1. Is there a residue in region 12-29 that is assigned to a loop (DSSP other than H, G, I, E, B), free of Cβ contacts under 8 Å to residues at least 24 places away in the same chain and exposed (fewer than 11 other Cβ atoms within 10 Å of the Cβ)?
2. Got a sec? Which of I9, I80, I15, I24 is under 30 Å from I131 (Cα atoms) and at pLDDT 90 or above?
3. Can you find a residue that is within 27 Å of the chain's Cα centre (by Cα), assigned to a loop (DSSP other than H, G, I, E, B), modelled with pLDDT of 80 or more and of a type in the set (A, V, I, L, M) anywhere in region 124-145?
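The values are calculated or read from the model by the stated rules, or taken from the named source; none is laboratory data. Nothing here was measured: the structure is a model prediction, and the numbers come from that model. Note that each Cβ is placed from the backbone with ideal geometry, even for glycine, and that neighbours are counted across all protein chains shown.
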Amino acid sequence: MKTGTNDKINRIIFILLSLAFLAIGVYGLARGKALFGSSAANSGLFSFTITNFVSHNHNLFWPIVAVVSLLIAYLGYRLIKSQISSQMPLKLINLSSESAQRGNTYLRSTALSQILQEDINSYPYVKSSHIKVDSDDPLPLLMMKIDVTNEAKLQDLATRLDQGISSDIKKSLGTHSCKSCAWVRLVPS
């Protein structure tokens, strides 16, 4: 997936869920205010067979509801964790030169990672990429995970990464060298 696809999917899912919950809430309020008639306002929300089933099987029903709720919460947690862990935690890269006397200039490593990721995603045959810039060491570490199609020319990609991306990082950070590591995965086109 290209950058931003997860965000678009998340927005669509949350908008649809919000609209569904809004519709359910509006229906409940309208029913309670007797907009569908007084018999609907005074009757239960669920039919007698459902309430009868729950009351006769409450020892089994509520534990199953609890397990299903926990499973849904766990799956949501895993989804959010996978999306957050793919992003670099907030780190600042000091761009100030050693001779700077007034103030410092900092760049968020996530901003640099996003720019590089967009650049790599524009390469031919690249399906997606995840880029992290780690600036804890004196030399910045550039970590790249790149998904390419089977038709990709890996030597051209390696040359482009080495001469293009690495040199851009060196210029941006004002350093003469940087460490880089790339994991390339072939995916069907």
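1. no
2. Testing whether each residue is under 30 Å from I131 (Cα atoms) and at pLDDT 90 or above leaves just I15.
3. Going through region 124-145, the residues within 27 Å of the chain's Cα centre (by Cα) turn out to be 124-137, 140-145.
Filter again for assigned to a loop (DSSP other than H, G, I, E, B), leaving 124-125, 135-137, 140.
Still in the list and also modelled with pLDDT of 80 or more: 124-125.
Cutting the leftovers down to of a type in the set (A, V, I, L, M) gives us none.
Checking region 124-145: not a single residue is within 27 Å of the chain's Cα centre (by Cα), assigned to a loop (DSSP other than H, G, I, E, B), modelled with pLDDT of 80 or more and of a type in the set (A, V, I, L, M).
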